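Trainee: This is the structure, below, for whatever I ask next.
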Amino acid sequence: ISRKVKTGSYESYMHEGGNGNSETIIFLHGSGPGASAQANWKHILPQLSDKFHVVAPDILGFADTDHPIVYPKNGAQWMTERVNQVLNLVDSLNLEKVKVISDFCKDKIKTSFGIGTNFTNDVGLPAMNMVIKKNAHFCSL
């Protein structure tokens, strides 16, 4: 299922599957030309939706998610907006516990979330780091 969800002052376009499964994984796409949740995760989401609730938003400024009317002035402001987008997505979907697999600005997103605890997840993908926000596990590939 693809739909738009209110995330703060923006609407985020997202792909979702396995709704009703107890564990949620949010997939964040990369930032190259033509990057989108669909382009990055279209082969993975259907394979994991039998076991997990999977969510893949288009990151703010990419593809079908809203683009800011006034663009952030620098990379730090963009990252702040995008981190807030993910946190607002968790809240908008009323999720209490999520795992996040990220192919997006790995080092910057880890720094933005203050990530530092290593762990291994159970979805068959290498996960390196996490941070807790409402019991959310943030990981990057």
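Trainee: Can you name the number of the only condition in (1) open to solvent by 80 Å² or more (accessible area, probe 1.4 Å); (2) modelled with pLDDT of 50 or more; (3) in contact with a Ser or Thr (Cβ under 9 Å, 6 or more places away or on another chain) that PRO126 fails?
Mentor: The single condition PRO126 does not satisfy is (2).
Trainee: List pairs: first in the range 20-41 and within 19 Å of ARG82 (Cα to Cα), second of a type in the set (Phe, Trp, Tyr) and part of a strand (DSSP E or B), Cβ under 6 Å, 6+ apart or cross-chain?
Mentor: From residues that are within 19 Å of ARG82 (Cα to Cα), the pairs are TRP41/PHE27.
Trainee: Looking at the range 1-47, which of the residues that are under 11 Å from the mean Cα position of the chain (by Cα) and among the small types (Gly, Ala, Ser) is farthest from PRO57 (Cα to Cα)?
Mentor: So, considering only residues that are under 11 Å from the mean Cα position of the chain (by Cα) and among the small types (Gly, Ala, Ser), the one farthest from PRO57 (Cα to Cα) is GLY30.
Trainee: Then there's this: Going through HIS67, HIS43, HIS53 one at a time, which residue ends up being open to solvent by 40 Å² or more (accessible area, probe 1.4 Å) and touching a Gly at 6+ places or on another chain (Cβ under 6 Å)? First the steps, then the outcome.
Mentor: Working: HIS43 fails: touching a Gly at 6+ places or on another chain (Cβ under 6 Å); HIS53 fails: open to solvent by 40 Å² or more (accessible area, probe 1.4 Å).
Result: HIS67 is the single residue among HIS67, HIS43, HIS53 that is open to solvent by 40 Å² or more (accessible area, probe 1.4 Å) and touching a Gly at 6+ places or on another chain (Cβ under 6 Å).
Trainee: Here's a follow-up. What's the number of the condition THR24 fails, among (1) in contact with a His (Cβ under 8 Å, 6 or more places away or on another chain); (2) open to solvent by 20 Å² or more (accessible area, probe 1.4 Å); (3) among the hydroxyl-bearing types (Ser, Thr, Tyr)?
Mentor: Among (1) in contact with a His (Cβ under 8 Å, 6 or more places away or on another chain); (2) open to solvent by 20 Å² or more (accessible area, probe 1.4 Å); (3) among the hydroxyl-bearing types (Ser, Thr, Tyr), the lone unmet condition for THR24 is (2).
Trainee: So GLY61 fits all but one of (1) in contact with a strand residue (DSSP E or B) (Cβ under 8 Å, 6 or more places away or on another chain); (2) open to solvent by less than 30 Å² (accessible area, probe 1.4 Å); (3) closer than 19 Å to GLN38 by Cα; (4) not in a strand (DSSP E or B); what number is the exception?
Mentor: (1)
The values are calculated or read from the model by the stated rules, or taken from the named source; none is laboratory data. Just so you know, these numbers come straight off a predicted model, no measurement behind them. Methodologically, a virtual Cβ is constructed for each residue, glycine included, from the backbone with ideal geometry; neighbour enumeration extends over all protein chains shown. The area values use the complete protein model at the heavy-atom level, side chains included, leaving out ligands, DNA and RNA. Shrake-Rupley method; radii C 1.70, N 1.55, O 1.52, S 1.80 Å.
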